[in-house]
Amino acid sequence: MAKEMVILDVEKLRRRMSLTQEELWKKHCIYRVPAYLKEHSPRSYSPQLVSVGPYHHGEFHLRAMEEHKHRAVQHLLQRSAKPIEDFRRAIEGDLQRLMDSYEQLEAPWDDRETFLQLMMLDGCFLYEVLRGYSTARDYEDMDPVFSFHGFLNICPYMVPDLLMIENQLPLRVIERIYAVEHGRMNDENGHPTNELVHKFLSNTNTMLEMPLGLHVLDVARKGITRGPFRRLPEQRLPAIAVRSSSELQDAGIIFRKSPKTGIKEINFSNGTLTLPPFSVDNSTESVFLNFIAFERLHPGAGRDVSSYMAFMSGLMNSVKDVTFLMSTGLIEGTLGSDEAIAKLINDIAKNVFFDPSSSLCEVRDALNRHYAEEMKNWSRRVREWRRNLRDTYFKNPWTLISLIAAAFLLGFTLTQTVYSALSFYKTK
């Protein structure tokens, strides 16, 4: 009987611990990236200019920005004419929730006072960065970080750091700081904190109708998706890739640039594939790898960006595909060569697959069906023959000259043969 009671008690304890762990999992939104994800491009997950939050705080190459963080706190206190205790109390009231946002908190950050000081310092700094970029700047013109000159030269390097999953601060900290300075909270849709982030990242005034984001990375991801894709009933389909843009072009599909931004604008209708332009620069790899890592690590985040990258990597399967999409304006890049862009996209999309319930699967399947039907048509074979002829003989001028010379020589030889034959019969 005693043995049975022990077993029952252990089972009860296991259920209690499991429930507590499940509740804690729901609160996590900032994660350490596991080694298997970092293996391909570890630099993409490690900030190079500024740390935000506990995971990279104190790293030697990031210490130069710490001085500017303290200046940001002082400037905020002067402008708001509010004592630091007001900001401290506002953040402290939500401290446990903020601590639970992090998947791991090791010493010294598991100490409440130490963690609170970090939230104050990094929160005020991030608030000043976001506010300074989207509103009138009240720093000195010579300020190395917060002036127009500073934003022009520092922001391009700061943005990729602020979009790394390990380098995040809960936006609730920014919300609390905003509430103290302005004497009011955000409304139910998370404004204006979301808008501060969105304008900082995109330099637009478009509104994001959504609750307060989890952090900067979360708002950025939702900004480019413009909400989740329409969901299909859960399917279990094989991992089918979309055809490359060259193959789709051969099948007579027309590519058109969408006037709207956001990856929800991808659709296929009446033989026309409409896509938003895809911008490529030196930060593209880091940003998208962190989007994808967040979707893999955060339950409930969905896999919209992962599906999007699986779709785009299919279209950009080769250098030829990138060259074509660049010519149509569907790729806007400053990365360098078409080869570099093709490699970048395919590197990002390694081991990334479609979400079976994403509506992008419908677009992919419609494109592939259209391609399969066109494969059966003679007109498609003629187009492919003409394309091969063009790519093989007419792309290089020397090849074209050689072809013309060969054709002339063949024609001359045939003419000479016919003339000789006619002369032979006439003399006979």
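The values are calculated or read from the model by the stated rules, or taken from the named source; none is laboratory data. Quick caveat: nothing in here was measured; it's all calculated off a predicted structure. Positions of Cβ are backbone-derived with ideal geometry, glycine not excepted, and every protein chain shown enters the neighbour counts. The accessibility values were calculated without ligands, DNA or RNA, using every heavy atom of the protein model including side chains. Shrake-Rupley method; radii C 1.70, N 1.55, O 1.52, S 1.80 Å.
In segment 97-107, which residue that is closer than 12 Å to residue 172 by Cα and not hydrophobic (A, V, I, L, M, F, W, C) is surrounded by the fewest Cβ atoms within 10 Å (Cβ to Cβ)? If you could, list the steps in order and put the result at the bottom.
Going through segment 97-107, the residues closer than 12 Å to residue 172 by Cα turn out to be 97-99, 101.
Filter again for not hydrophobic (A, V, I, L, M, F, W, C), leaving 97, 101.
Details: 97: 11, 101: 22.
Out of the qualifying residues, it is 97.
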Open item on the list: Looking only at segment 108-121, filter to residues that are surrounded by fewer than 23 Cβ atoms within 10 Å (Cβ to Cβ) and touching a residue at least 12 places away in the same chain (Cβ under 8 Å); which one of those is farthest from residue 181 (Cα to Cα)?
Closed with: 109
Open item on the list: If I ask for residues that are open to solvent by less than 30 Å² (accessible area, probe 1.4 Å), outside any strand (DSSP E or B), over 20 Å from residue 160 (Cα atoms) and among the polar types (S, T, N, Q), which ones from segment 256-302 would you list?
Closed with: 258
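Of the residues that make up segment 93-114, is at least one of a type in the set (A, V, I, L, M) and over 19 Å from residue 167 (Cβ atoms)?
Yes, segment 93-114 contains a residue that is of a type in the set (A, V, I, L, M) and over 19 Å from residue 167 (Cβ atoms).
When you scan segment 331-343, how many residues do you find that are out of contact with any helix residue (DSSP H, G or I) (no Cβ under 6 Å at 6 or more places or on another chain) and in contact (Cβ under 8 Å) with a residue 24 or more places away in the chain?
To start, the set of residues in segment 331-343 that are out of contact with any helix residue (DSSP H, G or I) (no Cβ under 6 Å at 6 or more places or on another chain) comprises 332, 334, 336-337, 340, 343.
Subsequent filtering for residues that are in contact (Cβ under 8 Å) with a residue 24 or more places away in the chain retains 332, 334.
Of the residues in segment 331-343, 2 are out of contact with any helix residue (DSSP H, G or I) (no Cβ under 6 Å at 6 or more places or on another chain) and in contact (Cβ under 8 Å) with a residue 24 or more places away in the chain.
Can you tell which of 79, 97 is charged (D, E, K, R) and either more than 32 Å from the chain's Cα centre (by Cα) or more than 23 Å from residue 213 (Cβ to Cβ) (or both)? Spell out the reasoning first.
Values: 97 fails: either more than 32 Å from the chain's Cα centre (by Cα) or more than 23 Å from residue 213 (Cβ to Cβ) (or both).
Selected residue: 79, the only one of 79, 97 that is charged (D, E, K, R) and either more than 32 Å from the chain's Cα centre (by Cα) or more than 23 Å from residue 213 (Cβ to Cβ) (or both).
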Open item on the list: Between 140, 166, which is on the phi < 0 side of the Ramachandran plot, in a loop (DSSP other than H, G, I, E, B), free of Cβ contacts under 8 Å to residues at least 12 places away in the same chain and out of contact with any Leu (no Cβ under 7 Å at 6 or more places or on another chain)?
Closed with: 140
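Quick check, is residue 363 open to solvent by 30 Å² or more (accessible area, probe 1.4 Å), of a type in the set (Val, Ile, Thr) and modelled with pLDDT of 90 or more?
Details: open to solvent by 30 Å² or more (accessible area, probe 1.4 Å): no; of a type in the set (Val, Ile, Thr): yes; modelled with pLDDT of 90 or more: yes.
So residue 363 fails the test.
Counting only residues that are open to solvent by 10 Å² or more (accessible area, probe 1.4 Å), within 20 Å of the chain's Cα centre (by Cα) and in contact (Cβ under 8 Å) with a residue 40 or more places away in the chain, how many does segment 315-330 have?
Qualifying residue count for the region: 2.
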- [ ] Please identify the pairs in which a residue from segment 46-74 that is among the aliphatic types (A, V, I, L, M) has its Cβ atom under 7 Å from the Cβ atom of a residue that is in a loop (DSSP other than H, G, I, E, B) and surrounded by 20 or more Cβ atoms within 10 Å (Cβ to Cβ), counting only partners at least 6 apart or on another chain.
- [x] 52/167; 52/168; 52/169; 62/47; 62/50; 62/51; 65/50
